[in-house]
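Shown next, in structure tokens, is the structure this report addresses.
The values are calculated or read from the model by the stated rules, or taken from the named source; none is laboratory data. Quick caveat, the model's predicted, so the values are computed rather than measured. Cβ coordinates were reconstructed from backbone atoms using ideal geometry, including for glycine residues, and neighbour counts include every protein chain displayed. Remember, those area values only see protein heavy atoms, side chains included, never the ligands or the DNA or RNA. Shrake-Rupley method; radii C 1.70, N 1.55, O 1.52, S 1.80 Å.
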Amino acid sequence: MNPFSFKAEPNTFSGRVILITGATSGIGRTLALGLAQLGATVLLLGRDVAALEALFDEIIGNHHPEPGIVPFDLSQDDPERLTALKQVITERYGVLHGLIHNAAILGDRVPFEHYKTTTWAQVFKTNFEAPVALTQTLLPLLRQSSDSALIFTSSSVGYSPRAYWGAYAASKYALEGVATLLSEELENTSEVRVSVVNPGATRTKMRQAAFPSEDPDSVKPPEDLFALYAYLLSPTSGAPRGHRFQSDGHHQPLKHRAND
Ligand SMILES: NC(=O)c1ccc[n+]([C@@H]2O[C@H](COP(=O)([O-])OP(=O)(O)OC[C@H]3O[C@@H](n4cnc5c(N)ncnc54)[C@H](OP(=O)(O)O)[C@@H]3O)[C@@H](O)[C@H]2O)c1
């Protein structure tokens, strides 16, 4: 089935608890609003508290389920806050039906030899180490559901790194590696579906930073990706486990590359 043929019902995500990192802008914000509209309780993770509160108000104003706010700077080591986050979700909801790793930073677009090591470390922290730590912490809550989805948002350079994409490409490549091994580990030991999404060119502030001279209207808006994420998160869509999805819905098994 092409993910874009999947039609979510108005209550597809009723009673489902889904955490989205980087919920304050771009793709993450679109997912938060759209999933809340379809009944999900969305847990909004971001580092900009004012933006999180504005999004909270918008969702409440739309009469959708009350979201949770998770102020969290993914570029900082904070194991205690991770533990506290798990405890709060456990006490309040008891389960997690979806975890969408979406937050990322671009870092520099310079030749490798000129890449600042401090920037390299910051990009890896945000784009790779934080999602890994968050996954380890929250996996037991995903396992509590008889049907849950773990989504890693990558990039074309996460599959095939290219010149001058530096730590961004390397961090996404590493993230796809973790998604691949985790998908294999979880395949026979849990009901957690692991997916990787390459959103492709999308009209957001990250895209604008990467391609400042591009006309923003020449690339698709984040809303065009919603159906794909809804398909991957839905308990009824029958989405395959352990696949890497492109923005046009084409997909291939993650394991394919690991077995080369
Ligand atoms: N747009 C594209 O063309 C494109 C293409 C391929 C892949 N992607 C991927 O799609 C995902 C979403 O990107 P986007 O295009 O929607 O970019 P975006 O508009 O820049 O959104 C990124 C989100 O991540 C958050 N974030 C960044 N650093 C953070 C940190 N340290 N702690 C917590 N949150 C942090 C940002 O919060 P702040 O607002 O506070 O910075 C923002 O909410 C990323 O994983 C990106 O790599 C995008």
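At a glance:
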| quantity | calculated |
| --- | --- |
| For the range 76-96 versus the range 212-252, the gap between their alpha-carbon centres in whole angstrom | 28 Å |
| Part-to-part distance (alpha-carbon centres) for the range 2-24 and the range 133-210, which is given in Å | 17 Å |
| Within the chain, percent of DSSP bridges classed antiparallel, to nearest 5 | 10 percent |
| Charge dipole magnitude, Cβ of K and R +1, D and E -1 - the chain, Cα centre, debye nearest 20 | 340 debye |
| Å² per residue, accessible surface of the chain at 1.4 Å | 46 Å² |
| Burial order of peptide ranges 223-233, 18-28 (average beta-carbon count within 10 Å, highest first) | 18-28, 223-233 |
| Chain lengthening between Val88 and Glu113 when straightened (0.36 nm per residue, less Cα-Cα) | 4.6 nm |
| Reachable lysines from Lys7, criterion Cα separation under 26 angstrom, eight or more residues apart if same chain | Lys220 |
| Charge tally in the Cβ shell below 12 Å around Gly200, where Lys, Arg are +1 and Asp, Glu are -1, Gly200 excluded | +1 |
| Spin-label zone in the range 150-168 - amide nitrogen under 14 Å from a point set 7 Å from the Cα of Ala201 along the C-beta vector | 156 |
| Förster radius 45 Å - calculated FRET efficiency between Glu185 and Phe211, Cβ distance, rounded to 0.05 | 0.80 |
| Residue-averaged [θ]222 nm for the chain, counting only DSSP H segments that reach four residues, each worth -39500 (n - 2.57) | -12000 deg cm²/dmol |
| Separation in nanometres of the label points that stand 7 Å from Cα toward Cβ, at Asn2 and Val219 | 2.3 nm |
| Relative contact order of the range 9-258, defined on C-alpha pairs under 8 angstrom at six or more residues apart (%) | 17 percent |
